[in-house]
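Structure record follows, encoded as structure tokens.
The values are calculated or read from the model by the stated rules, or taken from the named source; none is laboratory data. None of these values were measured; they are calculated from a predicted model. With ideal geometry, Cβ positions are generated from the backbone for all residues, glycine too; neighbour counts draw on all protein chains shown.
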Amino acid sequence: MFLKVKTYFKNLTTKQLIFRLCLLIIPIVLYTGFIIFIFSIPGFKGLIMWADWVREYVIYIILFDVLLFVLILVDFFVASVKKAEIKRLPSIVMTVFLTLGLVISMGGWGYFGTIPLQRAVGDKAPQLLILDGVGANNVPNMAVSFYTHDRTTKTLYWGLTPSLELPEKVESRASKTHGFLLDILEPNTTYFYKINEGIMYNFTTPVNTPNYARFAISSDLHFGADDVNRTATQGILENIIAHKYDILFNLGDMVEYGMFDGHYKEAMDYMSPYVSSIPYRPVIGNHDTFFGGKTFWRDYFSPELLPDTPRDYFHINLNGIHVFVLDLEWGTETYTRAQQKWFESELSPLSDDDWILVMNHAMYYSSGYFVDGEQWWDNEAMITEFEDLFIEHDVDLVFSGHNHHMETLNNSGIVYNIIGAFGGHMDPDYHNKTVGQEGTGSLWYLTGQHGYLDVEINGTIATITFRTPEYTILQTFIVVE
Ligand SMILES: [Fe+2]
Ligand SMILES: [Fe+2]
């Protein structure tokens, strides 16, 4: 067979050879390249691990690639045994498959490759982001971040009074992504700011009392989905603003589909009136990065203000309370070696007496049930990867979303909390599912109820309170450092 194919190639002129190879090789290179490309999309590995419908499509796409390779070999062989020297074009069957391969790969490249360019019309409203590090006066730095549809140069005016008396900040070059750094902040002080001649906002910095902080935490807003409860979201946000927390953490799945910029626009326009007035830290979730959504996320929530600042994971130090924000979207699939090295090196100088809080989207211990044939209770990979590290460094509190319910679990003295209740649909009770299981160490579980977590740390005591959107207490736990 190989001899025949060899002879066949020998008998072709250079022109015939190039023509024939181009016809066969261009589609298969484009198609195989498309497969490599989709695997390189941030968050894709988790998507195929956890979503069986995506996994099925990917298997079909790969099988078709294998089929193309096999058909090419068969075509060469058939051509070589059939007066090959005059046969310059692939067979009809081959041509059909190659055309199909071309159409799929060009369509795939065209759609997925241009997602970062498919922006919703209009500007995206400002958000006040808390940055990593400790900051001057023990007040972490902040940034006013927003996105304009057109490249523009903006000016931020700010001050301790509405006359905005501090030196204005003018951007040095026109850009679509905007991030104004607010640094050297005074504790327990109200700042006013506005962008160009826009709305006047104000926010108050945290007090700088050692080991004191009040956080509001919730997760899973899913902007863009139909089955949401925005009355609950509004109630939660109004109470968070009214009760003056130091930081609002939003633990991911802000949008339903990360590849649709319109979902991001809806989320940011809705959230801006609230999160332009309170230090805010959104955390990346699996829905936020769907099919290339991470590009949008980084533009909107990780402005490149400082060259050495990690963009997807952070260590905020507020009054000696260490908050680690990790990029764990479905589970350990996004726990890169770089992130692991960074996390371990940030943990290592901390002492057993320090408050250490870990926040990320995917859950560790949790009650749950089967979704898409996967176990959505205790995530064994997450537990295996992190539990020993948490025990070694005496991590105190862990917060996640991803599962849409509320829960507190205690394992080895580490208190894990689930708060996927910011206004997305609520998960059904796992007790009512054919295959469902209580999470190991579960102390309290509630679903069907939206709300948020109110965490107050004062000295050696942390008070964790689950609240409804109307501020009613659902459950309280006390944790001693
Ligand atoms: Fe979610
Ligand atoms: Fe999620």
Checklist outcome for this item: Among the residues of the stretch 394-446, the number that are within 21 Å of Val325 (Cα to Cα), within 16 Å of ligand 2 (Cβ to nearest atom) and part of a loop (DSSP other than H, G, I, E, B) is 8
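Per-residue answers, yes or no, for (1) at pLDDT below 95; (2) surrounded by fewer than 18 Cβ atoms within 10 Å (Cβ to Cβ):
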{"site": "Gln234", "(1), (2)": "no, yes"}
{"site": "Ile240", "(1), (2)": "no, no"}
{"site": "Phe249", "(1), (2)": "no, no"}
{"site": "Phe260", "(1), (2)": "no, no"}
{"site": "Val275", "(1), (2)": "no, no"}
{"site": "Pro282", "(1), (2)": "no, no"}
{"site": "Leu305", "(1), (2)": "yes, yes"}
Checklist outcome for this item: Per the filter on the stretch 6-15, residues assigned to a helix (DSSP H, G or I) and either over 13 Å from Ser80 (Cβ atoms) or charged (D, E, K, R) (or both) are Lys6, Lys10, Thr14, Lys15
Next on the checklist: For the structure I just gave you, tell me whether Tyr8 is over 23 Å from Gly331 (Cβ atoms), in the same structural domain as Thr99 (by TED's automatic domain parsing) and touching an Asp or Glu at 6+ places or on another chain (Cβ under 7 Å).
Outcome noted: no
Next on the checklist: Restricting to the stretch 261-290, give me the number of residues that are within 16 Å of ligand 2 (Cβ to nearest atom) and in a loop (DSSP other than H, G, I, E, B).
Outcome noted: 4
Next on the checklist: Just to verify a result, which residue in the stretch 220-232, among those that are buried (at least 19 other Cβ atoms within 10 Å of the Cβ) and under 17 Å from Asp269 (Cβ atoms), is nearest to ligand 2 (Cβ to nearest atom)?
Outcome noted: His222
Next on the checklist: If I filter the stretch 179-194 for residues that are in a loop (DSSP other than H, G, I, E, B), in the same structural domain as Ile240 (by TED's automatic domain parsing), exposed (fewer than 15 other Cβ atoms within 10 Å of the Cβ) and more than 29 Å from the chain's Cα centre (by Cα), do I get at least one hit?
Outcome noted: no
Checklist outcome for this item: Only unsatisfied item for Ile217, checking (1) on the phi < 0 side of the Ramachandran plot; (2) more than 16 Å from ligand 2 (Cβ to nearest atom); (3) not hydroxyl-bearing (Ser, Thr, Tyr), is (2)
Checklist entry - Which condition breaks for Ser276 when tested against (1) under 16 Å from the mean Cα position of the chain (by Cα); (2) in contact (Cβ under 8 Å) with a residue 40 or more places away in the chain; (3) more than 21 Å from Val395 (Cα to Cα); (4) away from ligand 1 (no atom under 16 Å from the Cβ)? => result (1)
Checklist entry - Among all residue pairs at least 6 apart or on different chains, which show Cβ distances below 7 Å where the first residue, located in the stretch 49-61, is closer than 20 Å to Asn379 by Cα and the second is among the acidic types (Asp, Glu) and at pLDDT below 90? => result Trp50/Asp372; Trp50/Glu374; Ala51/Asp372; Asp52/Asp372
Checklist entry - Taking into account only those residues within the stretch 378-417 that are within 17 Å of the chain's Cα centre (by Cα) and of a type in the set (A, V, I, L, M, F, W, C), which is nearest to Ser218 (Cα to Cα)? => result Phe399
Checklist outcome for this item: The condition of being aromatic (Phe, Trp, Tyr), touching a residue at least 12 places away in the same chain (Cβ under 8 Å) and surrounded by fewer than 18 Cβ atoms within 10 Å (Cβ to Cβ) holds, among Phe370, Phe390, Phe343, only for Phe370
